[in-house]
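What follows is a single structure, written as structure tokens, with notes after it.
The values are calculated or read from the model by the stated rules, or taken from the named source; none is laboratory data. All values derive from a computational prediction rather than experimental measurement. Positions of Cβ are generated from backbone atoms using ideal geometry, with glycine treated the same way; all protein chains shown enter the neighbour counts. Note: areas computed on protein heavy atoms with side chains; ligands, DNA, RNA excluded. Shrake-Rupley method; radii C 1.70, N 1.55, O 1.52, S 1.80 Å.
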Amino acid sequence: MPPPSVADYPALIASRRAELRAALAPRLAGVTALTLEIGCGHGHFLTAYAAAHPGRACLGLDIAADRIARAQRKRDRARLGHLDFIHAAAADLLAALPEGVALAAVFVLFPDPWPKRRHHKNRLMQPDFLARLAARCRPDAALDFRTDYAPYFAEARDVVAAHPAWRHRP
């Protein structure tokens, strides 16, 4: 099968988001407030968070399917029914979240800093992403961003501070 062409790209995105919407609907049935971790890796943080906050629905997402499989095993061992993990990109998840589900808290912990200048366009913390994220958040939602790469932290802090929907809390 030949690789998809550029003309096929919008249809591929729409199809991927429709599949994600269908997968999310039963998982988030009855959920109105959701804690989200973007780039959850193997689920260490969110599993501990969910165990400490049994009344909060939690969802972790990552773009690597093997990480999601490991996170799901961790969730199953801990028997955390209010925690789920899904293989998806953040932009797709935001587009596919069911109506009526708002983000109460968002964690972005140690994302790829894309340190080379030519790769900065790939960084998650960008004005467009912050706008899409804010549109799905409750008014009191907190965004917790952490990185150990000082230049990325400084840039992200400035992008968040300049965005009208967010404010930096030291």
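Summary table below
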| item | result |
| --- | --- |
| Count of residues meeting criterion [within 15 Å of Leu28 (Cβ to Cβ), open to solvent by less than 50 Å² (accessible area, probe 1.4 Å) and out of contact with any strand residue (DSSP E or B) (no Cβ under 6 Å at 6 or more places or on another chain)] in region 93-132 | 5 |
| Tally of residues being in contact with an Asp or Glu (Cβ under 9 Å, 6 or more places away or on another chain) and over 19 Å from Arg17 (Cβ atoms) across region 56-104 | 6 |
| Residues that are open to solvent by less than 40 Å² (accessible area, probe 1.4 Å), of a type in the set (A, V, I, L, M) and farther than 23 Å from Ala102 by Cβ, drawn from region 133-155 | Ala154 |
| Pick from region 40-65, criterion touching a His at 6+ places or on another chain (Cβ under 9 Å) and not hydrophobic (A, V, I, L, M, F, W, C), ranking: surrounded by the fewest Cβ atoms within 10 Å (Cβ to Cβ) | Gly55 |
| Strands (runs of 3 or more DSSP E) lying entirely in region 32-103 (those with 2 or more residues that are more than 23 Å from Met125 (Cβ to Cβ) and in contact (Cβ under 8 Å) with a residue 24 or more places away in the chain) | 83-87 |
| Condition met for Pro3 (in a helix (DSSP H, G or I) and either at pLDDT below 95 or open to solvent by 70 Å² or more (accessible area, probe 1.4 Å) (or both)) | no |
| Near pairs, Cβ below 6 angstrom, 6+ apart or cross-chain, from region 13-29 (within 15 Å of Leu59 (Cβ to Cβ)) to any residue that is of a type in the set (Asp, Glu) | Leu20/Asp92; Arg27/Asp84 |
| In region 19-30, residue farthest from Asp84 (Cα to Cα) [restricted to those that are in a helix (DSSP H, G or I) and open to solvent by 50 Å² or more (accessible area, probe 1.4 Å)] | Glu19 |
| Failed item, numbered, when Glu37 is tested on (1) among the charged types (D, E, K, R); (2) within 16 Å of the chain's Cα centre (by Cα); (3) open to solvent by 10 Å² or more (accessible area, probe 1.4 Å); (4) closer than 27 Å to Ala161 by Cβ | (3) |
| His82 being open to solvent by 30 Å² or more (accessible area, probe 1.4 Å) and touching a helix residue (DSSP H, G or I) at 6+ places or on another chain (Cβ under 7 Å) | yes |
| Some residue of region 72-80 being within 16 Å of the chain's Cα centre (by Cα), among the aliphatic types (A, V, I, L, M) and closer than 23 Å to Ala48 by Cβ | no |
| Among residues of region 44-67, those that are in contact with a Leu (Cβ under 7 Å, 6 or more places away or on another chain) and not hydrophobic (A, V, I, L, M, F, W, C), counted | 2 |
